[in-house]
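Only one structure is covered here, and it is reproduced in the block below.
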Amino acid sequence: MNNQTRFGEKMKSYLNHPGSLVLMILVMFGAILTFAVLIFLIVYILVHGIPYINPSLFALEYNSENASVMPALINTIIMTFLSLLIAVPFGIFSAIFLVEYAGRGNKFIEIIRLTTETLSGIPSIVYGLFGMLFFVNTLGWGFSLLAGAFTLSIMILPLIMRTTEEALKSVPDSYREGSFGLGAGKLRTVFKIVLPSAIPGILAGIILAVGRIVGETAALIYTAGTVAKVPSGIMGSGRTLAVHMYNLASEGLHMDQAYATAVILLILVVGINAVSSVIAKKLTKA
């Protein structure tokens, strides 16, 4: 049966069921609209930002004459690394406990899941205010990369937990039963059999978390500050790329550099996603 025959049969089926035809049209319209909006945003950012990317934009020092993005870029990498270093172990180990060790139907576990889902829906400005009140003021860390990293780690923790939990649930029980049948213990089965099989799903959650870290502004303004330089340590204040772009746009003095920063931010996110996908494929093959 060729493609034309299949297409004709599908169209006949849709015509016989008007509701299915309407749903098919709505689905196609939604997909095309989403794709068109995405392409428009990317093209708009590239067209307005690429002409203003030049060597001076990557100078090591920010000043009133040159709105360099290099300090913000370095701060973004540091902030991402610190946030993942804090959140990823807690998120993965919590998900392992919920899936592998906690009994099914446990009321306490249901409360934990409800809490994590609730935390994932809280606006970032609320996290920023909490970080300012607790990390900045109560603990006395001041506006610092460490305060921002801890605030962001709390923000992305529910996301990493839920994605890791779903990835672990997708691993067939036959893998676990086969490992137990060969004499492996619970801990060895989890770390040698279950986790390697769930790595693609776990990395997908981490990629989403990185995207939220890189694009966050509200929470970092209240915790990490907006100083346009690379601090000497994690207790110093510094702005990330998203905060840098927000400040340039709000001031209205360097709109061209703001668009250029948006291009760099877009390239950074795409690059991180590409590298993570390559790593996930290699780990899966291994």
Residue in segment 242-269 that is nearest to the chain's Cα centre (by Cα), counting only those that are at pLDDT 85 or above and β-branched (Val, Ile, Thr): ILE267
Those residues of segment 97-114 which are at pLDDT 85 or above and either closer than 23 Å to ALA149 by Cα or of a type in the set (S, T, N, Q) (or both), in sequence order: none
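So which residues in segment 160-178 are open to solvent by 50 Å² or more (accessible area, probe 1.4 Å) and in contact with a helix residue (DSSP H, G or I) (Cβ under 8 Å, 6 or more places away or on another chain)?
As a first pass, look at segment 160-178 and keep what is open to solvent by 50 Å² or more (accessible area, probe 1.4 Å): 162, 166, 169-170, 172-175, 177.
Result: ARG162, GLU166, LYS169, SER170, TYR175.
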Matching option when the condition is in a loop (DSSP other than H, G, I, E, B) and either among the charged types (D, E, K, R) or modelled with pLDDT of 90 or more (or both), among PHE143, PHE93, PHE81: PHE143
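Only one of LEU73, LEU168, LEU84 is of a type in the set (A, V, I, L, M), within 30 Å of LEU253 (Cα to Cα) and within 20 Å of the chain's Cα centre (by Cα); which? Walk me through it before giving the result.
Numbers: LEU168 fails: within 30 Å of LEU253 (Cα to Cα); LEU84 fails: within 30 Å of LEU253 (Cα to Cα).
The match here is LEU73.
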Qualifying positions in segment 31-49 - open to solvent by less than 90 Å² (accessible area, probe 1.4 Å) and more than 24 Å from the chain's Cα centre (by Cα): HIS48
Failed condition for VAL227, given (1) closer than 26 Å to GLU100 by Cα; (2) among the β-branched types (Val, Ile, Thr); (3) in contact with a Lys or Arg (Cβ under 8 Å, 6 or more places away or on another chain): (1)
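Quick grid of which residues meet (1) closer than 21 Å to GLY201 by Cα; (2) open to solvent by 50 Å² or more (accessible area, probe 1.4 Å); (3) acidic (Asp, Glu):
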position: ILE96; (1), (2), (3): yes, no, no
position: ARG113; (1), (2), (3): yes, no, no
position: SER120; (1), (2), (3): yes, yes, no
position: GLY142; (1), (2), (3): no, no, no
position: LEU145; (1), (2), (3): no, no, no
position: PRO158; (1), (2), (3): yes, no, no
Filtered residue count, segment 179-190, keeping only those that are exposed (fewer than 14 other Cβ atoms within 10 Å of the Cβ) and touching a residue at least 12 places away in the same chain (Cβ under 8 Å): 1
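The values are calculated or read from the model by the stated rules, or taken from the named source; none is laboratory data. Only a predicted model underlies this, so the values are computations on that prediction, with no experimental measurement involved. Here the Cβ is made from the backbone with ideal geometry for all residues, glycine too, and neighbour counts use every protein chain on show. In case anyone asks, the SASA skips ligands and DNA or RNA and just uses the protein heavy atoms, side chains included. Shrake-Rupley method; radii C 1.70, N 1.55, O 1.52, S 1.80 Å.
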